[in-house]
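Encoded as structure tokens, the structure appears first; notes follow it.
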Amino acid sequence: MPKDDSPVVSLAGASSARMYDAALRGKQNFSADREALELAERLSADAATALVAHHQHVHRVVRHLAGRGVDQFVLYGTGLPSTGQAHETIHAVFPPARVVYAEQDPYMLAHAQAVTAKGSDRVRIVGCDLADPAGLLDDPMVRTFVDWAEPVAVGVLSVHEIALGDTAWAAALRRSMVAGSHLWLTALSMDAYDEDMRAAVSAANRDLGLTVHFRRREQVLALFGGLELLDPGLVWAPQWRPDGNEAPVAPERTAWLAGVARVG
């Protein structure tokens with residue numbers, strides 16, 4: 001990646017997806033993303049480590065579900081990092097599984113297309129509005145590549161992009177999923193931080209042009225619509241079936257609430 005980032009003038013602003021890659025020390029990010037991450041770390045020293053913790057959580061979940069025989073995944077807003085992509089972990093456990101990545105950032109989409117073009121025909125990349133996950137249900141590629149008459153794991157890792165009052169998308173996803181499917185959500189929550197920190201973070205996100213909606217625990221839980229959550233329930237991301245390799249951060253300081261529910 002060029003140091004001055006000049007080839008992509010239209011992407012000069014910070015992107016949540018590319019900040020995620022920067023926290024993982026990847027190469028698919030720009031100076032604006034690194035500067036935004038540095039600002040976040042000035043507000044909270046745990047900011048970059050929290051993104052690493054979320055990345056680790058993603059791999060624990062897909063490894064667990066693939067190990068249970070789940071062979072279809074639709075993943076919204078994974079960030080598509082430079083290394084350690086979710087489909088690699090899935091296919092290491094269950095090689096026949098099909099994986100759809102849904103992302104919004106045009107640069108990360110182009111990167112993902114380039115990477116997966118060399119690899120498996122079991123991976124598809126699709127652009128979508130992360131604020132409207134259910135909109136992807138009508139995408140022709142998704143409707144043909146994913147067999148919605150069979151169980152599918154749907155992971156919405158971009159809940160922070162969605163307005164607090166909008167819950168219709170979650171209901172639509174649940175209706176589309178047959179018994180044996182799984183709904184997996186990760187949502188940003190400032191429940192562990194005081195009001196001053198919440199205000200400072202909100203102001204910083206506005207200045208950076210980032211859309212981030214923080215939710216209370218009960219607001220996240222409501223999105224599951226009464227589905228039965230797998231153990232250990234809705235918890236901070238590092239607490240979801242830890243394997244001993246978690247990033248060194250207090251779970252609540254990651255600000256990521258996570259849960260996986262089974263349909264039917």
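The set of residues in segment 95-104 that are in contact (Cβ under 8 Å) with a residue 60 or more places away in the chain and buried (at least 23 other Cβ atoms within 10 Å of the Cβ) contains only 103.
Residues that are at pLDDT below 95 and surrounded by 12 or more Cβ atoms within 10 Å (Cβ to Cβ) within segment 138-156 comprise 139, 141, 142, 143, listed in sequence order.
Scanning segment 235-253 turns up one or more residues that are buried (at least 21 other Cβ atoms within 10 Å of the Cβ), part of a loop (DSSP other than H, G, I, E, B) and at pLDDT 95 or above. Scanning segment 68-76 for residues that are out of contact with any Leu (no Cβ under 8 Å at 6 or more places or on another chain), surrounded by fewer than 23 Cβ atoms within 10 Å (Cβ to Cβ) and either at pLDDT below 70 or under 30 Å from residue 194 (Cα atoms) (or both) turns up nothing.
Taking the criterion of being surrounded by 14 or more Cβ atoms within 10 Å (Cβ to Cβ) and not in a loop (DSSP other than H, G, I, E, B), the residues of segment 162-183 that qualify are 169, 170, 172, 173, 174, 176, 182, 183. Annotation note: Cβ proximity below 8 Å between a residue of segment 189-200 that is more than 11 Å from residue 214 (Cα to Cα) and a residue that is assigned to a loop (DSSP other than H, G, I, E, B) and of a type outside the set (S, T, N, Q) (sequence gap 6+ or interchain) occurs for 192/255; 193/255; 197/190. Selection of first residues in segment 241-264 that are touching a residue at least 24 places away in the same chain (Cβ under 8 Å) and within 20 Å of residue 158 (Cα to Cα) and of second residues that are buried (at least 17 other Cβ atoms within 10 Å of the Cβ) and among the charged types (D, E, K, R), restricted to Cβ pairs under 6 Å at least 6 apart or on distinct chains, gives the following pairs, ordered by first then second residue: 253/46.
The values are calculated or read from the model by the stated rules, or taken from the named source; none is laboratory data. This one's a predicted model, so the numbers in the text were calculated from it and none came from an experiment. Neighbour counts are summed over all protein chains in view; Cβ atoms, including those assigned to glycine, are modelled from backbone coordinates with ideal geometry.
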